[in-house]
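To start, the structure under review is shown below, and the notes come after it.
The values are calculated or read from the model by the stated rules, or taken from the named source; none is laboratory data. Keep in mind that this is a model prediction, so the values were computed, not measured. FYI the Cβ positions are ideal-geometry reconstructions off the backbone, even for glycines, and counts take in every protein chain you see.
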Amino acid sequence: MLKTRVIPCLLLQNDILVKTIGFKNPKYIGDPINAIRIFNEKEVDELVLLDVTATIENKKLPIKILEKIAAECFMPLAYGGGIKTIEEIKQLFNLGIEKVVINSCAAENPAFIKQAAENFGSQSIVVSIDARKNELGAYEVIASSGTKSTGKNPVDFAMEMAMIGAGEIFLNSIDKDGAMTGYDVELIEKVAKAVNIPVIASGGAGKIEDFKTAVDAGASAVAAASMFVFYGKNRAVLISYPTQEELKKVLS
Amino acid sequence: MITIIDYKTGNIGSILNMLKKIGVEANISSDIKDIKKSDKLILPGVGAFNTGMENLQQLGLISLLNDEVINHKKPILGLCLGMQLLARKSEEGNLFGLSWLDAEVVKFKFDDKNLKIPHMGWNTIIPKRQSSLLTGLDSDYRFYFVHSYHFECRDSKDILANTFYGYEFPSIVQKGNIYGVQFHPEKSHKFGMKLLKNFAEFC
């Protein structure tokens, strides 16, 4: 049987790993290469690595770090952050990265997703949607690491992206980011029901049981960050990943 | 020496990385001399069936591969699209495959609307017969899959293992010196390492 993918999501900022709460207050986690080496040893299902300030600061791809990571990453690896051109995607795939995660550029220029899918196949193009509830209680897609309102509704946007060739939706709740109080079930349900491509739920996971809630809401895969890099009430940095047995108990 | 055939379909650096990690000598090449000289071949591949066959043709590799694999019985392992090209044809394209196995490639068809296409993620194998490629592999082994089309063998003897996604489909095949796996061993941790090591040592 196909396992539900459980995906650590690591945030890169100026070549170090950080973790945010509500997309703010980045806390230092450590060296990315070291952390990924540990996740590799723990045989995680897949890794997502996002450079969270790439778009805002208009940065180049962190090729050197990615090259080192890809050389010893024996699992599927997705990278996101500031990707704007087909040439950049080609460069990433040549390093040994499987998937690219596109957020701001998808919101600003949907045609880019179509072009990317035609060039590389949908299976390698992940569209990331950061969503937040506005004052009226409606969800809105926010681009550029949570700084730019788009006026788009995440359900319509996800459907549009799926139609033009996105292979997966990485659905992140800004309100739940770093909260560790559980996923935004309502958001997951709405988006997963609307598209026939896999939805990766992200934002809010605090315990293994939360994965089940997201899957029951329609997620095909689950991502978590704080849960895999923090330990205890005081959020001491400790990299962890559940064992296959622990995951099986909850997810099968 | 194993030669990973470079026919411009997706990233193959990760296969070389894994072979290095397990201490197997390998190179990446589309050069006739390299391919002739190597002891074994890996046919990788990501993407569309037609593109794969067109690229092999443009690089002038089809008759060379026929000679090496069919006449000289050089062991070859097809990965993902590389496995699918071993078949006669595919629903994904109108070109003929390498036709080394009596098989066709078809798209996943489900009644269950909850099953998404592609089949993406970690899945297990259900061994059907013994082979040196499967040495030491058990049902706890999991592999990383990404594909929308799958193999269908006319001769069930060619099937080494199936995988279940909506129904069982062949995920590892073998006919003599010709091997194919639908998943990505290079992205499957120690499980993929074991399989590639088996190919390097025992096949």
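Within the bounds of the range A:105-122, is there any residue that is small (Gly, Ala, Ser) and part of a loop (DSSP other than H, G, I, E, B)? Checking the range A:105-122: at least one residue is small (Gly, Ala, Ser) and part of a loop (DSSP other than H, G, I, E, B). Taking strands (runs of 3 or more DSSP E) as the structural unit, those lying wholly within the range A:136-252 and holding at least 2 residues that are farther than 22 Å from A:PRO76 by Cβ correspond to A:139-143.
If the condition is being over 17 Å from the mean Cα position of the chain (by Cα) and either modelled with pLDDT of 95 or more or at the interface with chain A (Cβ under 8 Å from one of its Cβ atoms) (or both), then the range B:137-155 contributes B:ARG154, B:ASP155. Whenever a residue of the range A:233-252 is surrounded by 15 or more Cβ atoms within 10 Å (Cβ to Cβ), its partners that are of a type in the set (D, E, K, R) and modelled with pLDDT of 90 or more, lying with C-beta atoms within less than 7 angstrom and at least six residues away or across chains, give the pairs A:TYR241/A:LYS42; A:VAL250/A:GLU209; A:VAL250/A:LYS212; A:LEU251/A:LYS212.
Output yes when any residue across the range A:33-42 is within 14 Å of chain B (Cβ to nearest Cβ), within 23 Å of B:PRO185 (Cα to Cα) and assigned to a strand (DSSP E or B), and no when none is. The answer is no; no qualifying residue exists. Pairs meeting the criteria (first residue in the range A:18-41 and on the phi > 0 side of the Ramachandran plot, second residue among the hydroxyl-bearing types (Ser, Thr, Tyr) and at pLDDT below 90, beta carbons under 8 Å, at least 6 apart or on different chains) are A:PHE23/A:SER145. Taking every residue in the range A:94-118 that is within 14 Å of another protein chain (Cβ to nearest Cβ) and touching a residue at least 60 places away in the same chain (Cβ under 8 Å) and pairing it with any residue that is part of a strand (DSSP E or B) and surrounded by 20 or more Cβ atoms within 10 Å (Cβ to Cβ), at least 6 positions away or on another chain, the pairs with Cβ-Cβ distances below 8 Å are A:LYS99/A:LEU77; A:LYS99/A:ALA78; A:LYS99/A:TYR79; A:LYS99/A:ILE125; A:LYS99/A:VAL126; A:LYS99/A:GLU168. Checking each residue in the range B:146-168 for being hydrophobic (A, V, I, L, M, F, W, C), more than 26 Å from B:ASN71 (Cα to Cα) and touching a residue at least 60 places away in the same chain (Cβ under 8 Å) picks out only B:VAL146.
Of all the numbered requirements in (1) within 14 Å of another protein chain (Cβ to nearest Cβ); (2) farther than 30 Å from B:PHE183 by Cβ; (3) not hydroxyl-bearing (Ser, Thr, Tyr), A:ASP45 misses one, and that requirement is (2). Looking at the range A:57-77, can you tell me whether even one residue there is in contact with a strand residue (DSSP E or B) (Cβ under 8 Å, 6 or more places away or on another chain), outside any helix (DSSP H, G or I), more than 14 Å from chain B (Cβ to nearest Cβ) and β-branched (Val, Ile, Thr)? So far as the range A:57-77 goes, no, none of its residues is in contact with a strand residue (DSSP E or B) (Cβ under 8 Å, 6 or more places away or on another chain), outside any helix (DSSP H, G or I), more than 14 Å from chain B (Cβ to nearest Cβ) and β-branched (Val, Ile, Thr).
Specify which of the listed residues (A:ALA111, A:ALA201) is at pLDDT 95 or above and surrounded by fewer than 17 Cβ atoms within 10 Å (Cβ to Cβ).
Every option except A:ALA111 fails the conditions.
Each row is one residue, and each column tells you yes or no for (1) within 28 Å of A:GLU87 (Cβ to Cβ); (2) surrounded by 21 or more Cβ atoms within 10 Å (Cβ to Cβ); (3) touching a Pro at 6+ places or on another chain (Cβ under 9 Å).
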{"residue": "A:LYS19", "(1), (2), (3)": "no, yes, yes"}
{"residue": "A:ASP31", "(1), (2), (3)": "no, no, no"}
{"residue": "A:ARG37", "(1), (2), (3)": "no, no, no"}
{"residue": "A:LEU47", "(1), (2), (3)": "yes, yes, yes"}
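Annotation note: Cβ proximity below 7 Å between a residue of the range B:114-132 that is more than 12 Å from chain A (Cβ to nearest Cβ) and in contact (Cβ under 8 Å) with a residue 60 or more places away in the chain and a residue that is part of a loop (DSSP other than H, G, I, E, B) and of a type in the set (A, V, I, L, M, F, W, C) (sequence gap 6+ or interchain) occurs for B:SER132/B:CYS203.
Would you say A:ILE83 is touching a strand residue (DSSP E or B) at 6+ places or on another chain (Cβ under 6 Å), within 21 Å of A:ALA201 (Cα to Cα) and not acidic (Asp, Glu)? No, not satisfied.
For (1) assigned to a helix (DSSP H, G or I); (2) in contact (Cβ under 8 Å) with a residue 12 or more places away in the chain; (3) in contact with an Asp or Glu (Cβ under 8 Å, 6 or more places away or on another chain), each residue gets a yes or a no:
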| position | (1), (2), (3) |
| --- | --- |
| B:ILE15 | yes, yes, yes |
| B:GLY23 | no, no, no |
| B:ILE28 | no, yes, yes |
| B:LYS33 | yes, no, no |
| B:LEU56 | yes, yes, no |
| B:GLU68 | yes, yes, no |
| B:LYS74 | no, yes, yes |
| B:PHE96 | no, yes, no |
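What residue, among those in the range A:120-164 that are of a type in the set (Ser, Thr, Tyr) and under 15 Å from A:VAL199 (Cβ atoms), is farthest from the other protein chains (Cβ to nearest Cβ)? Among residues in the range A:120-164 that are of a type in the set (Ser, Thr, Tyr) and under 15 Å from A:VAL199 (Cβ atoms), the one farthest from the other protein chains (Cβ to nearest Cβ) is A:TYR139.
Checked against the criteria, A:LEU92 does not count as in contact with a Leu (Cβ under 6 Å, 6 or more places away or on another chain), in a helix (DSSP H, G or I) and modelled with pLDDT of 90 or more. If I ask for residues that are closer than 15 Å to B:ILE178 by Cβ and buried (at least 16 other Cβ atoms within 10 Å of the Cβ), which ones from the range B:65-84 would you list? B:LEU65, B:GLU68, B:VAL69, B:LYS74, B:PRO75, B:ILE76, B:LEU77, B:GLY78, B:LEU79, B:GLY82, B:MET83, B:GLN84, listed by residue number.
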